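The values are calculated or read from the model by the stated rules, or taken from the named source; none is laboratory data. What you are looking at is a predicted structure, and each value in this text was computed from that prediction instead of being measured. Glycine gets a Cβ as well: all are built from the backbone with ideal geometry, and neighbour counts include every protein chain shown.
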Ligand SMILES: Nc1ncnc2c1ncn2[C@@H]1O[C@H](COP(=O)(O)OP(=O)(O)OP(=O)(O)O)[C@@H](O)[C@H]1O
Ligand SMILES: [Mg+2]
């Protein structure tokens, strides 16, 4: 009984930490430019394709392939911002949102045309076996690696945002970009770095996700992107620790619902919880109750 | 030497022209004040100088170079720094982090913080506190301290006395004077014309986007129109 519970908890943590990594991209971008980047989910897809081609096509080992995908996705994020979002920075939020949906559709369909809708097997690393924790409870090495890698990424991000000059600039721009400008901060560069960091984290999320569900296809980012977005909103959009909390919570709720209630209902429960939280606390779990700012 | 020289400046917001041909200059070492009623265009001029707004026409020269199309961070790197209207401190950062943002282009040394703390002892007491929890007066001190962290040649101050009790207004003006004595050239925008004229060398009166009057601070204090319109006499 208890042992089953712990293993569901571990499953939840595994998927939840991937949600969290991807939710960070939504939340950081929202924090700095007040834009829901609907194309963020598709960055996951592009990352998975990059790893697929590098490993399967070019025979490059997995880890260097992931690092390259991080760089590739970072570049994609920066280009997206420069080409699609920057010209609309002073436009209404609705125009920016519609543009983001457009970017998302563009990426999905470009990959669809170029690479067909057929799922391809993801060359997941050969991490098999599991570690016995206690009694009958064990954690698969894949789950362990997923959780540890996500945790390390989040800790690195924390120190980046709190401790580095660029991290402080990001916080300053997200609070008041005009004032940040008057400090001598290059606002355009800071926004570009934010997109780059968020997208690189998505590439890591992509590697972990595709290692768990090893299929690569042009629409794979949709579902994952939506869940991560929900996680970001749940935790409080624009708030970095909120995205971490929201992601992990979402993963655990999902896993528990699948185990104890019903697999079919798990999405309904997830969105139900989102609606309840937003009714009670519109700014999300870690949001300030007043206002909607970061 | 003319440190800052603004010539025939026009600035528009879409179809609205807020500044319609303003010219003035600030000599090195001076305190010059721009006074004028709400909506006269004072903040618009300040934003244009700092590069936050692009002028429709006219030139802004700092150290004899035209900066009217220069990016804000490059203007600040040249030593022309603004304390914006409404303070605009970073509420979710600590007092010390706010100060460090002021030195963003330099890399702050421990000594730089010390200088600000000796000017504003209150900020030292509260250095670990979130800036959003400071009182209005303390926030204004932080905004000025933050700007001074970059060791500017020239400081632009947009209504530093706004919303402060008279005793704090006095304190802020004393500090502005002190900065000026230490060699910082000052351009001061104020609605509190009395206080502004009392520390300024020269003044310009802005009315609906135009310079209506200019002269030495003493002359303007004595001017009947100024007395009526701005000094509440
Ligand atoms: N973002 C904006 N969009 C459109 N019009 C603006 C904008 N900002 C200012 N204005 C207009 O430009 C004119 C000058 O405004 P500005 O803020 O420069 O005045 P000010 O002299 O600083 O006034 P105050 O003493 O109230 O701060 C005003 O008529 C104002 O309505
Ligand atoms: Mg103003």
Item to complete: State whether one or more residues within the range B:125-143 are surrounded by 18 or more Cβ atoms within 10 Å (Cβ to Cβ), within 16 Å of ligand 1 (Cβ to nearest atom) and on the phi > 0 side of the Ramachandran plot.
Response: no
Item to complete: Being more than 16 Å from ligand 1 (Cβ to nearest atom) and in contact (Cβ under 8 Å) with a residue 60 or more places away in the chain narrows it down to one of B:147, B:91, so name that one.
Response: B:147
Worksheet item: Going by the structure shown, is residue B:15 away from chain A (no Cβ under 14 Å) and within 11 Å of ligand 1 (Cβ to nearest atom)?
Response: yes
Practice prompt. Would you be able to say whether some residue in the range A:264-273 is more than 17 Å from residue A:12 (Cα to Cα) and not in a loop (DSSP other than H, G, I, E, B)?
Written response: yes
Item to complete: Restricting attention to the range B:171-190, report how many residues are away from ligand 1 (no atom under 16 Å from the Cβ) and not in a helix (DSSP H, G or I).
Response: 5
Discussion item. I'd like the full set of residues that are within 19 Å of residue A:205 (Cα to Cα) and outside any helix (DSSP H, G or I), limited to the range A:50-94.
Written reply: A:61
Worksheet item: Among A:238, A:251, A:287, A:291, which is assigned to a helix (DSSP H, G or I) and either within 14 Å of chain B (Cβ to nearest Cβ) or at pLDDT 90 or above (or both)?
Response: A:251
Worksheet, complete the sentence: For the range B:89-114, the count of residues that are surrounded by fewer than 16 Cβ atoms within 10 Å (Cβ to Cβ) and either in a helix (DSSP H, G or I) or more than 14 Å from chain A (Cβ to nearest Cβ) (or both) equals 4
Discussion item. Looking at B:157, B:220 in this structure, which one is touching a strand residue (DSSP E or B) at 6+ places or on another chain (Cβ under 8 Å), under 17 Å from residue B:31 (Cα atoms) and within 16 Å of ligand 2 (Cβ to nearest atom)?
Written reply: B:157
Worksheet item: Is there any pair linking a residue in the range B:180-199 that is free of Cβ contacts under 8 Å to residues at least 60 places away in the same chain to one that is within 13 Å of ligand 1 (Cβ to nearest atom) and assigned to a strand (DSSP E or B), with Cβ under 9 Å and at least six apart or on different chains, and which?
Response: B:192/B:35
Worksheet, complete the sentence: Scanning the range A:174-190 residue by residue, the ones that are in contact with a helix residue (DSSP H, G or I) (Cβ under 6 Å, 6 or more places away or on another chain) and farther than 21 Å from residue B:43 by Cβ total 3
Worksheet entry | Verdict on residue B:36 being in contact with a helix residue (DSSP H, G or I) (Cβ under 9 Å, 6 or more places away or on another chain) and within 9 Å of another protein chain (Cβ to nearest Cβ) | no
Worksheet item: Identify, please: which residue in the range B:191-210 is in a strand (DSSP E or B) and crowded, with 20+ Cβ neighbours inside 10 Å and is, among those, nearest to ligand 2 (Cβ to nearest atom)?
Response: B:206
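Quick grid of which residues meet (1) within 14 Å of another protein chain (Cβ to nearest Cβ); (2) over 18 Å from the mean Cα position of the chain (by Cα); (3) at pLDDT 95 or above:
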residue: A:147; (1), (2), (3): no, no, yes
residue: A:163; (1), (2), (3): yes, yes, no
residue: A:173; (1), (2), (3): yes, yes, yes
residue: A:185; (1), (2), (3): yes, yes, yes
residue: A:195; (1), (2), (3): no, no, yes
residue: A:206; (1), (2), (3): no, no, yes
residue: A:222; (1), (2), (3): no, no, no
Worksheet item: Within the range B:23-58, which residues are in contact with a strand residue (DSSP E or B) (Cβ under 6 Å, 6 or more places away or on another chain), within 15 Å of ligand 1 (Cβ to nearest atom) and over 19 Å from residue B:80 (Cα atoms)?
Response: B:35, B:36, B:40, B:41, B:56
Practice prompt. Tell me which of these residue A:94 doesn't satisfy, since it passes every other one: (1) over 22 Å from the mean Cα position of the chain (by Cα); (2) modelled with pLDDT of 95 or more.
Written response: (2)
Worksheet item: Name the residues in the range B:42-88 that are in a strand (DSSP E or B), in contact (Cβ under 8 Å) with a residue 60 or more places away in the chain and surrounded by fewer than 23 Cβ atoms within 10 Å (Cβ to Cβ), would you?
Response: B:62
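Residue-by-condition table, conditions (1) within 14 Å of ligand 2 (Cβ to nearest atom); (2) touching a helix residue (DSSP H, G or I) at 6+ places or on another chain (Cβ under 8 Å):
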| position | (1), (2) |
| --- | --- |
| B:12 | no, no |
| B:66 | no, no |
| B:84 | yes, yes |
| B:91 | no, yes |
Discussion item. Can you tell me which of (1) touching a helix residue (DSSP H, G or I) at 6+ places or on another chain (Cβ under 9 Å); (2) facing chain A (nearest Cβ under 9 Å) is the one residue B:130 doesn't meet?
Written reply: (2)
Worksheet item: Which of the residues spanning the range B:150-170 are outside any strand (DSSP E or B), within 16 Å of ligand 1 (Cβ to nearest atom) and in contact (Cβ under 8 Å) with a residue 40 or more places away in the chain?
Response: B:159, B:160, B:162
